[in-house]
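Taking it in order: structure first as C-alpha cells, then the write-up.
What follows is calculated from the coordinates using simple rules that are stated; it is not laboratory data. In this text the structure is predicted, and so the values were computed from the model without any measurement. Quick reminder, even Gly has a Cβ in these numbers, built from the backbone with ideal geometry, and neighbours come from all protein chains shown.
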C-alpha cells in the first residue's frame, strides 16, 4: 500500500510516496496552498522505521546544528537530528546525485495506520531545494517577494533587515500579493527572471504558490528616513545578493552556477539600496519609481 503527496514549489513538483503501511501524510499549514496534481519532477519515497541505518560515507558539510551532509557511492546523505537531545538522527535522506530521487527514512513516531509526520519539515525541504536549484535551475534568496499588480518586487535582506515589516506594509495595498516574507525562489524563464513564493515564511507568516516576472530588486535596511540609490556596479550587486542567498558551499559546480546566475540576474534586473522607515510612505516611494 502507498499514499502520495505532490507539492509544487518554484515551478518544480515534488512527489512524496509513503511505502509499507499506506499512511497518509500530515501537511503543514504553510504547505497546503502548494499541494498539486501536476506531474512530478522529483520523486521521494518515505518510510518510517523503529531504527535508522546511519551509514554516512564522507562528511561534506556540517551545519553546526540540526543537519550534516555526507556523500558516498550512492549520492548524497542528509542526517537530521537534535544534537542536544540525542547523538542519533531522527531522519535520514538518501538522495541520488541529481537530487531528483531518493528515500527519506523517519523514526517511527506514531502507530501504523495514523498520519505520517510531514517528511519535509525544516530543514530538509530547503536543503533539497537549495541543491536542486544549484543544478542549473535558479537560486533561493533571503527576501520578501511582492507582486504589485503583476509587477515583481524583491526586497532582499539578512535577518532583522525588515523583510516581514515590508510585507506588512504592502499586504493591504490593492492588487498586491505577498509571495513570501522570508524566502523567495528566483528562476530564469525565456530570458526573464521570475520570483516564486515558497512555504518558508518569516515572522509575518506570508506564503503563496504564485509567481511573477521580476521588475526590481531592493537591498533593504532600516533607516531614519526613506532613501533609494541605484546600485550600478554588477560586482556590488552580486556580492549583496550572494550573502543574502542560500548557496551550496559544498558543491563547486553548484557554486559556479549560482555565481553566474546572480551575475545575469544583476545585469537583467535593476537593483537598489533601500533604506526605509516602517510606514506606508515607503510603498508610495517605491511605486513612484516606475520600477526601472
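Beta bridges assigned by DSSP with both partners in the range 2-134 are antiparallel in approximately 70 percent of cases.
Of the residues 234, 92, the one with the fewest other Cβ atoms within 10 Å heads the list, and the complete ranking is 234, 92. Considering only beta bridges that DSSP places wholly inside the chain, some 70 percent are antiparallel. In the chain, helices alone account for a calculated mean residue ellipticity at 222 nm of -5500 deg cm²/dmol, with every DSSP H run of four or more residues adding -39,500 (n - 2.57). Please state the relative contact order of the range 2-134 as a whole percent: Cα pairs under 8 Å, 6+ residues apart? Relative CO of the range 2-134 lands at 23 percent. Rounded to the nearest 10 degrees, the angle from helix 124-134 to the longest Cα principal axis of the chain is 60 degrees.
Going from the fewest other Cβ atoms within 10 Å to the most, the residues 265, 217, 130, 289 appear in the order 289, 130, 265, 217. Computed extension gain for residue 38 through residue 250, at 0.36 nm per residue and net of the alpha carbon distance, reaches 73.2 nm. Placing a pseudo-label 7 Å from each Cα along the Cα-to-Cβ vector at residue 243 and residue 74 gives an inter-label distance of 3.9 nm. Across the chain, the mean sequence separation of Cα contacts (distance under 8 Å, 6 or more residues apart), normalised by length, yields a relative contact order of 15 percent.
Using R0 = 45 Å, the C-beta based FRET efficiency linking residue 288 and residue 61 works out to 0.55.
Go ahead and run the numbers for FRET between residue 230 and residue 264, Cβ-Cβ distance against an R0 of 25 Å, rounding to 0.05. With R0 = 25 Å, the Cβ-Cβ based efficiency is 0.85. For the range 138-288, the share of DSSP beta bridges that are antiparallel, to the nearest 5, is 70%.
If you take the Cα centroid of the range 210-228 and the Cα centroid of the range 54-70, the two points sit 36 Å apart.
Annotation: the residues 172, 88, 201, sorted from fewest to most other C-beta atoms within 10 Å of their own C-beta, follow the order 172, 88, 201.
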